[in-house]
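The values are calculated or read from the model by the stated rules, or taken from the named source; none is laboratory data. Here the structure is a predicted model, which is why all the values come from computation and not from measurement. Quick reminder, even Gly has a Cβ in these numbers, built from the backbone with ideal geometry, and neighbours come from all protein chains shown.
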Amino acid sequence: MNNNKILKINEIFKSIQGESTVMGKPCAFVRLTYCNLRCSYCDTEYSFHEGKNMKIIDIIEEVKSMNTNLVEITGGEPMLQKNVIPLMKEFLNNNFEVMLETCGAISLKDVPKKVKKIVDFKCPSSNMKDKNLWSILDELSSHDEIKFVIGNRTDYKWTLNKIKQYNLDSKWTILLSPVFNKLKLDKLANWILEDNLNVRLQLQMHKYIWDPEMRAV
């Protein structure tokens, strides 16, 4: 039974969704342990190793108790655990709206089509851009979203080139997010306006509501 499969879970909590096109909505978050990348600006290093084993049935029940239909599976990098696919399927079977936050370095071909995938391709300042797996684009649906976290002007110009190279903005919603406390929102906003980009500027809303160092928000 899929319900008895085990995943290593870092934390499960309810908060306001701080990113993507559903920003501002109440959301349950299931943060999985482990990550294959080491981004320079990572704000969840505690998820690299910390966690406890949980059965899918127990994960589902805990999220049900939070009384929200929106759930995001995140990390770390959730795609590192093979049982994340049965977890997503079980959430869908229970009529949840399911989102997946993933790093853009692991194939998503087995992810159910109904899951909204947020693919975070890595810019140069992350020091992880060589890990990007651009063949993922062939595995995306029109409702999925692509995110670039911008740390400086070099990242921004690199992102412009990638948007044009793969014609990204004609196929998916593109999210541009500044590295928190490194690139000012108004600077990135002005760059977007100057170039008349077909993208969505986003901020990590939860970091403006609560202490940015606080966990489980």
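Could you check, for segment 131-145, whether at least one of its residues is surrounded by 18 or more Cβ atoms within 10 Å (Cβ to Cβ), touching a strand residue (DSSP E or B) at 6+ places or on another chain (Cβ under 7 Å) and within 19 Å of Q202 (Cα to Cα)?
Yes, segment 131-145 has at least one match.
Please find, among K52, K8, the residue that is over 13 Å from the mean Cα position of the chain (by Cα) and surrounded by 14 or more Cβ atoms within 10 Å (Cβ to Cβ).
Matching residue, one of K52, K8: K8.
Considering N10, N36, N53, which residue is touching a Cys at 6+ places or on another chain (Cβ under 8 Å) and polar (S, T, N, Q)?
Of the residues listed, the single one that is touching a Cys at 6+ places or on another chain (Cβ under 8 Å) and polar (S, T, N, Q) is N36.
Six or more apart or on different chains, Cβ under 7 Å: which pairs go from a residue in segment 162-188 that's farther than 30 Å from D211 by Cα to one that's among the β-branched types (V, I, T) and surrounded by 15 or more Cβ atoms within 10 Å (Cβ to Cβ)? Could you list them?
I163/I174; L168/I146; L168/I174; D169/I163; D169/V199; W172/I146
So which strands (runs of 3 or more DSSP E) stay within segment 1-110 end to end and still have 1 or more residues that are under 20 Å from I136 (Cβ atoms)?
Answer list for segment 1-110: 26-32, 70-74, 97-102.
Among the candidates K117, K113, which residue alone is in a loop (DSSP other than H, G, I, E, B), under 30 Å from L87 (Cα atoms) and among the basic types (K, R)?
Answer to the check: K113.
So, restricting to helices (runs of 4 or more DSSP H) that lie completely within segment 131-209, which ones have at least 2 residues that are within 16 Å of the chain's Cα centre (by Cα) and modelled with pLDDT under 95?
Per the criteria, 205-209.
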